[in-house]
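Since the structure comes first, as structure tokens, the remarks are kept for the end.
Derivation of every value follows stated rules applied to the coordinates shown; laboratory data play no part. None of these values were measured; they are calculated from a predicted model. All Cβ positions, even for glycine, are placed from backbone atoms using ideal geometry, and neighbour counts span all protein chains on display.
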Amino acid sequence: MFGTVAVALLVALSAAAAAEEEKLRLGEFIPESAPQPAPETGFTDADGKPVSFADFKGKPLVVNLWATWCQPCLKEMPSLDRLQSALDGKLAVAAVSEDHGGAVATFVAALGLQKLKIYLDPKSDVGHAFNVRGLPTSIVIDAKGRVVGRVEGAAEWDSATMMAVLKPLLEGAIKGAAR
């Protein structure tokens, strides 16, 4: 009997480890199995004005959670800026920093980011609401305000692979606007 229980336990642990490994696909889009409404949590714009995800409803949104001390964030930010530039008016990118304002402004200026809108969340309320495990993490929200997936780790957001992921969301937003 003990041997049967031990084997069953090993099988269960192996399945759990495989499931966890599947979740750790850094830089890849991981779709939600059942899209849920984005949590109602707030953050501020660079001027300290309150913002929520409801402010973006009606167009797809990429919420990028980052910090100035995060090296993968440094790598990813220019591609988010290019994505926002390429899809301006069709998709919003909200780069939500866990830093305080002063450090962020210096970081953004050094990278020469032009189109990317920067937001602040020094208490990490957004990260907690999305159960973020590390930075950078990006949450993809559809035009109806539902979380449809995430990317953990740095990604090339303006790559053909990511554009293919975002294309159905963009088409859905355009169809929804025509109704």
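List the pairs from LYS90/LYS117; LYS123/LYS144; LYS59/LYS115; LYS90/LYS144; LYS59/LYS117; LYS90/LYS123 whose alpha-carbon separation is above 23 Å, in the order I gave them. Write out the running numbers ahead of the final one.
Details: LYS90/LYS117 15 Å; LYS123/LYS144 27 Å; LYS59/LYS115 17 Å; LYS90/LYS144 14 Å; LYS59/LYS117 15 Å; LYS90/LYS123 30 Å.
Too far apart for the 23 Å limit: LYS123/LYS144; LYS90/LYS123.
Quick check for me: using +1 on Lys/Arg Cβ and -1 on Asp/Glu Cβ, what's the dipole size of region 27-178 about its Cα centre, in debye to the nearest 20? Let's see the in-between values first.
Details: 15 positive and 18 negative charges, 75 e Å.
That gives a dipole near 360 debye.
Can you tell me what the convex hull of the Cα atoms of region 27-178 projects to on average, as an area in nm²? Please report the intermediate quantities before stating the final value.
Numbers: hull surface 32.5 nm².
Its Cα hull, projected and averaged over all orientations, spans 8.1 nm².
Go through region 44-60 residue by residue and turn each phi into a ³J(HN,Hα) via Karplus (6.51, -1.76, 1.60, θ = phi - 60°); whole Hz please, and just put x for glycine and proline.
Values per residue, Gly and Pro as x: 10, 7, 4, 8, x, 7, x, 9, 9, 5, 4, 5, 9, 4, x, 9, x Hz.
Give, in nm to one decimal, the length gained when the segment between LYS49 and GLN114 is fully stretched (0.36 nm per residue of separation minus the Cα-Cα distance). Before the final figure, lay out the partial values.
On the way: separation 65, 0.36 × 65 = 23.40 nm, distance 2.03 nm.
Contour length minus the Cα-Cα distance gives 21.4 nm.
Share of antiparallel DSSP beta bridges in region 27-178, in percent to the nearest 5?
Numbers: 20 of 30 bridges.
Close to 65 percent.
Just grab the label-to-label distance for LYS167 and SER33, each label 7 Å out from Cα along the Cβ direction, in nm (one decimal).
2.8 nm
If you stretched the chain out fully between THR106 and ALA160, how much longer would it get, using 0.36 nm times the residue separation minus the C-alpha to C-alpha distance?
16.4 nm
Considering amide H positions built from the backbone, and no H for Pro or chain starts, which residues 5 or more places from ARG146, or on another chain, come under 5 Å of its amide H?
It is ALA38, by chain and number.
Taking θ = phi - 60°, what integer Hz values does the Karplus form 6.51 cos²θ - 1.76 cosθ + 1.60 yield along region 105-120, in sequence order, with x for Gly and Pro?
Couplings: 4, 5, 4, 5, 5, 5, 7, x, 6, 9, 9, 5, 8, 9, 10, 10 Hz.
In whole Hz and in residue order, list the ³J(HN,Hα) couplings for region 127-141 that follow from phi through the Karplus curve 6.51 cos²θ - 1.76 cosθ + 1.60, θ = phi - 60°; x for Gly and Pro.
Those phi angles translate into x, 5, 4, 9, 6, 6, 9, x, 10, x, 9, 10, 10, 9, 10 Hz.
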